[in-house]
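A.B. asks: Dropping the structure in here first, questions after.
The values are calculated or read from the model by the stated rules, or taken from the named source; none is laboratory data. Computed from a predicted model, the values in this text were never measured in an experiment. Note: ideal-geometry Cβ built from the backbone for every residue, glycine included; neighbour counts use all protein chains shown. Note: accessible area is taken over every heavy atom of the protein model, side chains too, but ligands, DNA and RNA are not part of it. Shrake-Rupley method; radii C 1.70, N 1.55, O 1.52, S 1.80 Å.
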Amino acid sequence: ENEYHADTTRISASMIKMMHAKTPAHVYDAFFAPDRKQPDSAALDFGRMFHAEVLEPETFDDKYMVMPEGLDRRTKEGKALWADILASGKQAVASDKFNDVKKMAANIHKLPIWSKIMDNNPQFEKTVMTENRRIRMDIFVEPCDDFPRGLIVDLKSCVDASPYRF
């Protein structure tokens, strides 16, 4: 993932979308400028956590934990607990967000298509580099009986998936 995002020699779908919606200068500022800042938001954090639980459930608990209830980082005990959390390398997440991600991933894993995907040697977080493009697929399945043309999945989380809002 780090190699994919560090590559400045190829364009990505995100760059193409930004160039279409804005300008080449916006693309440069967002992806190539030496002083660029990586945008972060609660939605991006949630999406990363969702991806991890769906695509890497075996390592999810190594990366995330529920924020202890009532943690007050102003107190001596709270400062010590917060230091332990930081030392663990885990991201502490509000319990409602943590539980939402767990529930959403469990629902995906119950879908009949998920069983078909898992039965056909899926490749998670597959990167393809061509001469001038880079592509990162959340799930890739080679052509097979269940998916004669293959399958590419771009996993997304959203508040409202109705056709108008999405």
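A.B. asks: What percent does the relative contact order of segment 1-135 come to when contacts are Cα pairs within less than 8 Å and at least six residues apart?
C.D. replies: That works out to 33 percent.
A.B. asks: Moving on. May I ask you to give the percent of accessible area on segment 93-152 that is carbon plus sulfur, with a probe radius of 1.4 Å?
C.D. replies: Carbon-and-sulfur percentage of accessible area, whole number: 51.
A.B. asks: Let me ask something additional. Quick one: accessible area per residue over segment 1-96, 1.4 Å probe, rounded to a whole number of Å²?
C.D. replies: Accessible area per residue: 71 Å².
A.B. asks: What figure in square angstrom, to the nearest 10, would you give for the accessible area of GLU125 with a 1.4 Å probe?
C.D. replies: Only protein atoms counted, so the area is about 50 Å².
A.B. asks: Please compute the net charge surrounding HIS51, taking Lys and Arg as +1 and Asp and Glu as -1 over other residues with Cβ under 9 Å from its Cβ.
C.D. replies: -3
A.B. asks: Follow-up question, since we're still on this one. For LYS97, go through the lysines and keep the ones whose alpha-carbon is under 21 Å away, minus same-chain ones fewer than eight residues off.
C.D. replies: Within the straight-line limit of under 21 Å, LYS97 reaches these lysines: LYS63, LYS110, LYS156.
A.B. asks: Ok, one more. In nm, to one decimal, how far is the ASP100 label point from the ALA43 one, both placed 7 Å along Cα→Cβ?
C.D. replies: 1.2
A.B. asks: Report the residue, chosen from ASP40, ASP138, ASP96, that carries the largest GNM mean-square fluctuation when the chain is represented by alpha-carbon nodes joined by springs under 10 Å.
C.D. replies: Checking each option, the largest mean-square fluctuation is seen for ASP40.
A.B. asks: Which of HIS51, HIS109, HIS26 ends up with the largest GNM mean-square fluctuation for the chain, with Cα atoms connected below 10 Å?
C.D. replies: Of HIS51, HIS109, HIS26, the Gaussian network model singles out HIS26 as fluctuating most.
A.B. asks: Mean separation of Cα pairs under 8 Å and 6+ residues apart, divided by the residue count of segment 77-166: what relative contact order is that in percent?
C.D. replies: 14
A.B. asks: Once the whole set of protein chains is in place, how much accessible area is left on CYS158, using a 1.4 Å probe, in Å² to the nearest 10?
C.D. replies: It works out to around 60 Å².
A.B. asks: Using a Gaussian network model of the chain with C-alpha springs under 10 Å, which one of PHE46, PHE31, PHE124 is most mobile by mean-square fluctuation?
C.D. replies: Highest fluctuation among the options: PHE31.
A.B. asks: For segment 1-52, what does the alpha-carbon gyration tensor say about shape, rounded, prolate or oblate, given a ≥ b ≥ c as the root eigenvalues, a/c under 1.5 as rounded, and a/b over b/c as prolate?
C.D. replies: Since a/c reaches 1.5 and a/b is larger than b/c, the shape of segment 1-52 is classed as prolate.
A.B. asks: Starting from the Cα gyration tensor of the chain, take the square roots of the eigenvalues, sort them a ≥ b ≥ c, and report rounded, prolate or oblate (rounded when a/c is under 1.5, otherwise prolate if a/b is larger than b/c, else oblate).
C.D. replies: Here the chain falls in the oblate category.
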